[in-house]
């Protein structure tokens, strides 16, 4: 395992990714998602083709057309515009969940693997307990206990999300502990904290970063399921899972009302999955040639 | 029967695992306790309902020992759970454990059916991907797996409903476990398919099977990815192993090498992560069961979420965790029987 990514490494990785059509597709989707989020966050409703909250009863249940590329809903609102304005909230939730969990997990896992012994035992037994639950169900339980709302939804997800990262970081840290450069650093008199910070963490990060990319898709899925169940953003605020829930009674009358936002969730999650999958292969020296 | 060394090892292994199970369950109850009592802003309101009178709340404080230190409260919480007191619905007073036992068989039935879908489709998909690496079969398997993993459960369920109920009329559109026009067999085991067979009721059996197909496909599709990817990976490993090379060198045909030598060994690992599939499926069941009106624990949980009925949600969480832990134990034991090397660890 070489040290952190240098420039040559990055170019090689990018070249491998560019040759894989699925990776290119994943990248495009991820970039589009992040771009939309940034654009909507900066310019709000100005960039959507229609006012996302403008109801017009003459326009209800219009099918997909060049004017309304995802059709209109039960109040005649343009679905595409509503999907666009909901992007930032989903992005904010997903990136917070993955970012904070990865941070906490890497710190705890690196410490557990490096120190071993009782610290390791304690941290790993705690992760065992969390991993015994179906993640989604525990997140739902915490969200119900805390009450609805975006902040609570994030907290509920964080409770169940970090153990996987702790496990991964521990595994990496365990094998790094035995390497010669770590031994050399210790022999040179570096404190444990310094060894972890300078040598364990940087080397632990790249596999976890790959997993985190894939995990953004997961986080978007979980968020949409929780808000579908009524535990996320509350009514006036558009949110992807909620759009599906509100539209599903019209499934047989106008399928695009629930399914278009649903397919957008699928597409974005799939994009991050493809990107993560390809990134893993590209960074793995065994698949390089 | 003389107990030989190998049996002794297995018995010790199982005893250790059961002891570990008790520990994990204790940990699980620490988490459910924390969520249901400590994380809640106002536990008495959550457990008694918003319109509860002061006397009800006082009774609850006494019952939960809320004025005592936290570890005493935890002791009473565990004792309560062991005695079957899992709380009750704040609005109706219905005990949670009673509801759970009522809904449990439907969930076990659906999870089993979905597991069959995963096995029946996931294994061939994984084998085809491994034997045709980087060819069309591999790409199809990869895209199917990733789509399943990336699909929100409600999208799969709604799409299936739209296509098969509404456009093709292939499956009954009533939802639920059986057509409302049919007299359901008497509840013996609670498993409708089993009960229909026991009663010799062919009409009910047909209807029950028709009703389970769609939700089982939906739940199975979401979890196909893990199985097919694992089968592919372990199949690639065993195809590259020495014994397969030896068999090939001996002149064994490709078909026999693939299915007799490589396939059997490649199956051990994917099957032993059974508890992982079960955990995913129980999570997905909350959405799938409520869309298909399938009266199982997921449906019950979804209803309870909409009512913000915390005792019921906590009860379902606890029973699901117990289910995962027990399936995990079963898988570990199965693994140890299949592969004696494991017990050394």
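The values are calculated or read from the model by the stated rules, or taken from the named source; none is laboratory data. The structure presented is a predicted model; accordingly, all values stated were derived computationally and were not measured. All Cβ positions, glycine included, derive from the backbone under ideal geometry; neighbour counts span all protein chains shown.
Tabulated values for the structure
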{"quantity": "Among (1) surrounded by fewer than 20 Cβ atoms within 10 Å (Cβ to Cβ); (2) farther than 26 Å from residue A:245 by Cα; (3) touching a residue at least 12 places away in the same chain (Cβ under 8 Å), the one test that residue B:104 misses", "calculated": "(2)"}
{"quantity": "The listed residue being surrounded by fewer than 22 Cβ atoms within 10 Å (Cβ to Cβ) and closer than 30 Å to residue A:18 by Cβ, out of A:251, A:267", "calculated": "A:267"}
{"quantity": "Residue match in the stretch B:289-306 (condition: at the interface with chain A (Cβ under 9 Å from one of its Cβ atoms), surrounded by fewer than 17 Cβ atoms within 10 Å (Cβ to Cβ) and at pLDDT 85 or above)", "calculated": "yes"}
{"quantity": "Residue in the stretch A:235-252 that is over 28 Å from residue A:153 (Cβ atoms) and either in contact with a strand residue (DSSP E or B) (Cβ under 6 Å, 6 or more places away or on another chain) or modelled with pLDDT under 90 (or both) present", "calculated": "yes"}
{"quantity": "Condition check for residue B:320: more than 18 Å from the chain's Cα centre (by Cα) and either facing chain A (nearest Cβ under 9 Å) or surrounded by fewer than 23 Cβ atoms within 10 Å (Cβ to Cβ) (or both)", "calculated": "no"}
{"quantity": "Enumeration of residues in the stretch A:214-236 that are assigned to a helix (DSSP H, G or I) and closer than 25 Å to residue B:300 by Cβ", "calculated": "A:221, A:222, A:223, A:224, A:225, A:226, A:227, A:228"}
{"quantity": "Leading residue by the ranking (nearest to residue B:262 (Cα to Cα)) among those in the stretch B:119-166 that are in a loop (DSSP other than H, G, I, E, B) and within 9 Å of chain A (Cβ to nearest Cβ)", "calculated": "B:151"}
{"quantity": "Boolean, residue A:141 is within 14 Å of chain B (Cβ to nearest Cβ), more than 23 Å from the chain's Cα centre (by Cα), within 21 Å of residue A:231 (Cα to Cα) and crowded, with 17+ Cβ neighbours inside 10 Å", "calculated": "no"}
{"quantity": "Residue within the stretch B:18-35 that is in a helix (DSSP H, G or I), under 14 Å from residue B:311 (Cβ atoms), within 14 Å of chain A (Cβ to nearest Cβ) and free of Cβ contacts under 8 Å to residues at least 60 places away in the same chain present", "calculated": "yes"}
{"quantity": "Counted residues, the stretch A:223-253 - those being farther than 25 Å from residue B:165 by Cα, in contact with a helix residue (DSSP H, G or I) (Cβ under 8 Å, 6 or more places away or on another chain), more than 9 Å from chain B (Cβ to nearest Cβ) and touching a residue at least 40 places away in the same chain (Cβ under 8 Å)", "calculated": "8"}
{"quantity": "Residue in the stretch A:76-88 that is touching a strand residue (DSSP E or B) at 6+ places or on another chain (Cβ under 9 Å), in a helix (DSSP H, G or I) and within 28 Å of residue A:252 (Cβ to Cβ) present", "calculated": "yes"}
{"quantity": "Checklist (1) free of Cβ contacts under 8 Å to residues at least 24 places away in the same chain; (2) assigned to a helix (DSSP H, G or I) applied to residue A:26, failing item", "calculated": "(1)"}
